[in-house]
Amino acid sequence: MKPIDFQGIANFDKALLEHLHAYLSYSESQLAKSIIYSIHPLPGKALPLVLPQLDSERLRSRDAVQSFGKSVAMITQSEEKIVASNDWESASRQLNGALWEYVEILEGCATELFQQLNQVGFEQWRSDLMNIVEQVKQSLLRQMKECEWLLNRMEPLLKDYRKACQKEGKKGSFWKSLFGFRASMIDRSLYSYLRKSRRFLHLQFKWFSQRLSDYQKLKEKIEKSSRKFKSYHAFAELDESVQKDFKKLYELLKLWNLNQKTKSLPPREPIRALRSLFSLERAKEVFSHYFWMLEEALYEKSRAVKTDPADLYRNPSNRQTVAELVKGMQAEVHTLGATIEGYRDFDLRTHPDPYVRNRWGFTEWVVGPEPEKTRELLDLVYEVELLGKLFERFSASLKKEDQQSDFLYSQYEAINRTLHEMGQPLSSRVIMRARAERLLEQVDAMDELGSFNLLAIDYAGRVFSKAMRADWQYNVLFEIPQFHHLYRVHHGLVGKNLDQKHLSRLNKFKEIIEELQGWVKKCDTHRHVHEIEADMNDMKGYLQDFLGFVQRVCSKENLDAFDAKNEISEIFNQLLEYRYLFGSFFHMLLQHEPEGKLIRNQFLFVDQYFEAVESQLHEMQQKWRLPR
């Protein structure tokens with residue numbers, strides 16, 4: 001027994017043709033056997049085998065018709081009675097039954113062919129699919145044509161057999177045969193049923209071929225649009241699986257948009273394909289991976305123009321090369337943003353909930369609100385737009401003339417003066433916010449991202465640290481969006497800290513803060529007094545661990561100035577992350593009085609630990625005579 005290639009049949013490849021040919025051949029053989037053995041000799045009588053050597057599994061209908069005709073001729077010429085006088089009736093019933101079974105098999109194959117094609121999603125259509133379907137159609141048409149020939153040929157043979165059976169019949173058989181001359185031996189419905197099946201096969205094939213042709217035209221347009229991915233540098237750095245997913249998602253969205261105009265596919269088909277292949281969570285994950293890669297590519301290029309030892313990027317021609325590369329990445333950012341917006345639009349317009357689906361074109365109070373998950377996509381769209389603006393600004397910086405006398409020096413005095421003013425202990429909240437906004441404008445003018453000066457990154461970090469230290473009482477920095485934007489750029493330029501102890505401390509802080517925020521927002525802190533005390537003790541333990549680490553580094557005697565500078569820089573960046581995390585937490589507490597303010601006072605020990613670390617860093621700088 002030949003094994004069945006289930007995958008090949010399901011995918012409509014050559015395995016389907018082989019299996020169909022084998023099935024039709026077997027069905028024809030069964031019909032042929034029914035034809036050959038439809039004549040029933042009387043007991044003790046026998047007909048000679050006309051096809052003695054022919055394998056019953058390979059019988060052809062034409063061979064069976066030939067055998068039947070020879071058997072009828074033998075019965076007609078025989079002088080003795082071989083068959084019963086009414087055997088032609090049972091032969092006719094047997095043959096009509098076998099023919100109906102075979103015709104229904106052909107009709108079933110034609111129907112199932114296109115039902116199966118409808119179940120095969122268009123995303124699985126291959127270039128050779130039309131060829132396979134064409135061959136299946138031709139195979140079925142050949143069998144239908146052969147069956148029609150068989151019907152036409154068996155009609156006179158059955159009539160001859162009826163005459164042969166009635167040649168020795170009793171009186172009156174002549175008149176019965178005369179009146180039955182015009183009666184058909186083969187069921188006339190078989191002819192119309194066969195013609196109907198053949199017409200159905202032609203019409204369905206024409207419909208499918210037109211549908212496939214229209215899809216191929218759409219696919220050509222989509223593939224032409226997808227060629228741009230070959231020149232995308234950040235895209236090429238993604239994992240192969242992410243590349244494949246994003247490109248597939250992009251193409252399906254493009255198809256959904258184009259199909260709304262052309263109607264080449266049923267409207268539900270692109271929707272089904274998109275929803276089955278990409279859930280909203282999976283799509284967001286793919287988008288996020290691409291966004292992070294583009295963001296890191298921007299920061300990597302910015303670091304490169306600051307650290308190149310041979311002044312490669314200060315050369316106008318080389319700078320132009322980098323500018324073109326950045327321009328290409330800007331195109332990638334645009335593609336990513338458009339794809340995210342397209343997927344969000346798709347999800348809302350095809351959402352299963354009609355109140356969500358119908359919100360387009362109506363005011364929000366008429367229908368349900370936008371789902372939370374699509375709002376997350378909208379937030380990602382805003383982040384992509386912001387990244388696009390960063391690329392534009394960096395691209396503009398590359399077009400400037402000599403960067404050696406950049407804004408870093410011109411803003412130095414102004415920034416230090418503003419920091420000094422922010423440190424005044426009796427400043428009101430309004431004054432502190434005004435000074436914070438002025439400081440952020442000065443830092444923004446410094447252009448940390450586009451500056452060619454390597455000191456810009458380190459200096460910006462120190463400015464942020466001093467500003468958050470001075471703003472410990474009001475935390476107004478954290479209510480200014482520009483601060484978060486500038487800090488994110490700085491954090492990206494510094495790069496990810498891989499110190500496992502630091503990452504562990506950071507995660508523990510985040511867990512404790514998230515728990516405390518939940519209690520404060522619910523005004524439920526009085527129920528968790530003991531848990532809050534335990535969290536405070538845990539925080540003190542982690543902060544003491546950080547301070548102890550700094551003290552051990554400070555006590556090292558075998559460090560040279562270079563290693564000491566690197567150690568101080570790493571500790572400073574860790575401290576900056578902690579300041580930003582706790583600053584955000586303290587700002588949230590101040591928005592929830594009186595419980596938040598009470599908790600804030602209990603956490604003043606955090607500021608004290610930060611002061612102790614700052615003191616140790618200052619001592620290390622003096623010890624190794626490093627600039628502050």
Evaluation of residue 599 against (1) touching a His at 6+ places or on another chain (Cβ under 9 Å); (2) under 18 Å from residue 469 (Cβ atoms); (3) modelled with pLDDT of 85 or more (one fails), failing number: (2)
Kindly list, by first and then second residue, each pair from a residue in segment 137-162 that is at negative phi to a residue that is assigned to a helix (DSSP H, G or I) and among the hydroxyl-bearing types (Ser, Thr, Tyr), limited to pairs with Cβ atoms under 6 Å and residues at least 6 apart or on different chains. 150/61; 158/92
Starting from segment 273-284, keep only residues that are closer than 16 Å to residue 242 by Cβ, then list their pairs with residues that are of a type in the set (Ser, Thr, Tyr) and surrounded by 15 or more Cβ atoms within 10 Å (Cβ to Cβ) whose Cβ atoms are within a distance under 6 Å, requiring at least 6 positions of separation or different chains. 283/343
Can you tell me which residue in segment 369-399 is modelled with the lowest pLDDT, limited to those that are surrounded by 13 or more Cβ atoms within 10 Å (Cβ to Cβ) and in a loop (DSSP other than H, G, I, E, B)? 370
Cβ pairs under 8 Å, 6+ apart or interchain, first in segment 325-339 and farther than 11 Å from residue 298 by Cβ and assigned by TED's automatic domain parsing to the domain that holds residue 301, second of a type in the set (Gly, Ala, Ser) and in a helix (DSSP H, G or I), ordered by first then second residue, are 327/395; 328/231; 334/388; 337/388
Matching residues in segment 284-307 - criterion: being of a type in the set (Gly, Ala, Ser) and either surrounded by 13 or more Cβ atoms within 10 Å (Cβ to Cβ) or at pLDDT 90 or above (or both): 288, 297, 302
Is it the case, given these coordinates, that residue 208 is of a type in the set (Phe, Trp, Tyr) and under 19 Å from the mean Cα position of the chain (by Cα)? no
Restricted to segment 484-514, and to residues that are among the acidic types (Asp, Glu) and loosely packed, with under 14 Cβ neighbours inside 10 Å, which residue is nearest to residue 598 (Cα to Cα)? 514
Contact list please: Cβ distance under 7 Å, first residue in segment 54-65 and in a loop (DSSP other than H, G, I, E, B) and surrounded by fewer than 18 Cβ atoms within 10 Å (Cβ to Cβ), second residue aliphatic (A, V, I, L, M) and modelled with pLDDT of 60 or more, pairs at least six apart or on different chains. 60/32
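Every residue, every condition in (1) outside the structural domain of residue 510 (by TED's automatic domain parsing); (2) of a type in the set (D, E, K, R); (3) touching a Lys or Arg at 6+ places or on another chain (Cβ under 6 Å), yes or no:
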site: 560; (1), (2), (3): no, yes, no
site: 569; (1), (2), (3): no, no, no
site: 588; (1), (2), (3): no, no, no
site: 621; (1), (2), (3): no, no, yes
site: 625; (1), (2), (3): no, yes, no
Mind checking which residues of segment 273-282 are out of contact with any Lys or Arg (no Cβ under 9 Å at 6 or more places or on another chain) and under 14 Å from residue 351 (Cβ atoms)? 274, 275, 279
Unmet requirement for residue 310, which otherwise passes all of (1) modelled with pLDDT under 90; (2) in a helix (DSSP H, G or I); (3) more than 20 Å from residue 243 (Cα to Cα): (2)
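On the basis of being in contact with a His (Cβ under 9 Å, 6 or more places away or on another chain), modelled with pLDDT of 90 or more and assigned by TED's automatic domain parsing to the domain that holds residue 527, does residue 611 make the cut?
The answer is no for residue 611.
How do the helices (runs of 4 or more DSSP H) wholly within segment 428-514 filter down when requiring 2 or more residues that are in contact (Cβ under 8 Å) with a residue 60 or more places away in the chain and farther than 27 Å from residue 397 by Cα: which remain?
Values: elements: 429-446, 455-470, 481-494.
In segment 428-514, 455-470 are the helices (runs of 4 or more DSSP H) which contain 2 or more residues that are in contact (Cβ under 8 Å) with a residue 60 or more places away in the chain and farther than 27 Å from residue 397 by Cα.
Residue 33 - would you say it is at pLDDT below 85 and either of a type in the set (Lys, Arg) or in contact with a strand residue (DSSP E or B) (Cβ under 8 Å, 6 or more places away or on another chain) (or both)? Talk me through it step by step, then tell me what you get.
Details: at pLDDT below 85: no; either of a type in the set (Lys, Arg) or in contact with a strand residue (DSSP E or B) (Cβ under 8 Å, 6 or more places away or on another chain) (or both): yes.
For residue 33, the condition - at pLDDT below 85 and either of a type in the set (Lys, Arg) or in contact with a strand residue (DSSP E or B) (Cβ under 8 Å, 6 or more places away or on another chain) (or both) - is not met.
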Restricting attention to segment 460-481, does a residue exist that is surrounded by fewer than 20 Cβ atoms within 10 Å (Cβ to Cβ), among the aliphatic types (A, V, I, L, M) and within 40 Å of the chain's Cα centre (by Cα)? yes
Are any residues in segment 453-477 of a type in the set (Phe, Trp, Tyr) and closer than 18 Å to residue 305 by Cα, and if so, which ones? 459
Considering segment 235-283 alone, what residues qualify as being closer than 25 Å to residue 492 by Cα and buried (at least 19 other Cβ atoms within 10 Å of the Cβ)? 235, 238, 246, 283
For the subset of segment 191-221 comprising residues that are of a type in the set (A, V, I, L, M) and modelled with pLDDT of 90 or more, which member is surrounded by the most Cβ atoms within 10 Å (Cβ to Cβ)? 201
How many residues are more than 30 Å from residue 596 (Cα to Cα) and loosely packed, with under 12 Cβ neighbours inside 10 Å when one looks only at segment 528-559? 4
Does residue 93 satisfy the criteria of being closer than 18 Å to residue 200 by Cβ, free of Cβ contacts under 8 Å to residues at least 12 places away in the same chain and not assigned by TED's automatic domain parsing to the domain that holds residue 266? no
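The values are calculated or read from the model by the stated rules, or taken from the named source; none is laboratory data. What you see is a predicted model, and the numbers here were worked out from it, not measured in a lab. With ideal geometry, Cβ positions are generated from the backbone for all residues, glycine too; neighbour counts draw on all protein chains shown.
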